[in-house]
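Colleague: Once you've had a glance at the structure underneath, I'll fire off some questions.
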């Protein structure tokens with residue numbers, strides 16, 4: 001495996017912007033989801049810190065349940081097990097103007113945090129017996145990111161009702177913490193074949209305020225408003241009528 005790191009002088013300044021805002025985004029995650037994360041580290045690993053050939057060129061970020069172990073060699077401040085998100089800082093720097101980096105980076109990080117909190121466990125407790133297996137899994141993930149989406153899997157796969165609900169709460173808490181962001185800035189559900197996330201936020205009503213002190217992972221134990229459930233059910237029926245060959 002090549003150990004050459006990504007180097008591009010013309011991107012240097014932009015990558016610096018992305019790195020700064022990743023640090024700020026991690027602090028924001030701590031403020032709005034501290035009880036969920038507890039004392040665990042939250043690793044936001046910049047793809048530019050990894051060897052060429054790892055990571056993804058098709059996504060701005062991805063989360064994998066044991067990514068912290070897979071990419072442990074490239075995490076400079078390793079502090080033990082914890083959720084790890086790989087951030088394609090190179091893609092962000094290339095595709096967005098520096099003036100937009102703060103909003104874009106924060107939205108991407110909060111999106112991935114939503115995936116972390118949508119799982120029963122914050123990270124997969126599996127372990128690796130040797131480094132070769134870890135490197136193999138890293139290459140498998142990279143290869144999978146290059147493949148086209150499966151036509152028999154719905155576009156919204158991995159972005160279910162509970163994920164959407166968590167995202168709306170994250171946006172509300174982030175705004176209260178001083179970073180003004182809309183739910184759509186975190187998850188553009190209309191691009192996944194669903195209704196705009198604003199309609200889901202309207203359906204939740206004042207729930208984000210009422211549950212402000214609740215751990216976000218505990219949301220799944222509390223029934224959402226009927227209107228929210230009806231919105232999701234209507235979307236599922238509409239999606240299946242448009243794409244009858246897809247399956248969960």
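Colleague: I need the full set of residues from segment 194-215 which are farther than 16 Å from residue 157 by Cβ and either in contact with a strand residue (DSSP E or B) (Cβ under 9 Å, 6 or more places away or on another chain) or part of a loop (DSSP other than H, G, I, E, B) (or both), in order please. Explain how you work it out, then say what you get.
Modeller: Kept after step one, since they are farther than 16 Å from residue 157 by Cβ, are these residues of segment 194-215: 195-215.
Result: 195, 196, 205, 206, 211, 212, 213, 214, 215.
Colleague: Being without any contact (Cβ under 8 Å) to a residue 60 or more places away in the chain and either surrounded by fewer than 19 Cβ atoms within 10 Å (Cβ to Cβ) or farther than 18 Å from residue 229 by Cβ (or both) is the filter here; which residues of segment 177-190 pass it?
Modeller: Listed by number, the residues that qualify are 178, 180, 182, 184, 188, 190.
Colleague: Name, by its number, the condition in (1) under 20 Å from residue 106 (Cα atoms); (2) surrounded by 13 or more Cβ atoms within 10 Å (Cβ to Cβ); (3) modelled with pLDDT under 90 that does not hold for residue 45.
Modeller: The number of the failed condition is (3).
Colleague: Restricting to segment 65-89, name every residue that is under 14 Å from the mean Cα position of the chain (by Cα), more than 23 Å from residue 100 (Cα to Cα) and surrounded by 20 or more Cβ atoms within 10 Å (Cβ to Cβ).
Modeller: Within segment 65-89, 67, 83, 84 qualify.
Colleague: Looking for whichever is under 15 Å from residue 157 (Cβ atoms) and assigned to a helix (DSSP H, G or I) here; the options are 191, 238, 231. Which one fits?
Modeller: Being under 15 Å from residue 157 (Cβ atoms) and assigned to a helix (DSSP H, G or I) holds for just one of 191, 238, 231, which is 191.
Colleague: Also: Kindly establish whether residue 22 is at pLDDT 90 or above and closer than 24 Å to residue 98 by Cα. Give the derivation first.
Modeller: On the way: at pLDDT 90 or above: yes; closer than 24 Å to residue 98 by Cα: yes.
Yes: the conditions hold for residue 22.
Colleague: Turning to a different aspect of this structure: Suppose we filter 218, 171 for residues that are touching a helix residue (DSSP H, G or I) at 6+ places or on another chain (Cβ under 9 Å), part of a helix (DSSP H, G or I) and surrounded by fewer than 20 Cβ atoms within 10 Å (Cβ to Cβ); which single one remains?
Modeller: Being touching a helix residue (DSSP H, G or I) at 6+ places or on another chain (Cβ under 9 Å), part of a helix (DSSP H, G or I) and surrounded by fewer than 20 Cβ atoms within 10 Å (Cβ to Cβ) holds for just one of 218, 171, which is 218.
Colleague: Considering only segment 73-91, how many residues are within 22 Å of residue 106 (Cβ to Cβ) and either part of a loop (DSSP other than H, G, I, E, B) or out of contact with any strand residue (DSSP E or B) (no Cβ under 8 Å at 6 or more places or on another chain) (or both)? Outline the logic, then answer.
Modeller: At the first step, the residues of segment 73-91 found to be within 22 Å of residue 106 (Cβ to Cβ) are 75-77, 82-91.
Applying the additional criterion that residues be either part of a loop (DSSP other than H, G, I, E, B) or out of contact with any strand residue (DSSP E or B) (no Cβ under 8 Å at 6 or more places or on another chain) (or both) yields 75-77, 82-83, 88, 90-91.
Selection size over segment 73-91: 8.
This table checks each residue for (1) at pLDDT below 95; (2) exposed (fewer than 14 other Cβ atoms within 10 Å of the Cβ); (3) in a loop (DSSP other than H, G, I, E, B); (4) assigned by TED's automatic domain parsing to the domain that holds residue 57.
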| position | (1), (2), (3), (4) |
| --- | --- |
| 104 | no, no, no, yes |
| 116 | no, no, no, yes |
| 120 | yes, yes, yes, yes |
| 127 | yes, yes, yes, yes |
| 134 | yes, no, no, yes |
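The values are calculated or read from the model by the stated rules, or taken from the named source; none is laboratory data. None of the values given here were measured: they were computed from a predicted structure. No Cβ is skipped: glycine too gets one built from the backbone with ideal geometry, and neighbour counts run over all protein chains shown.
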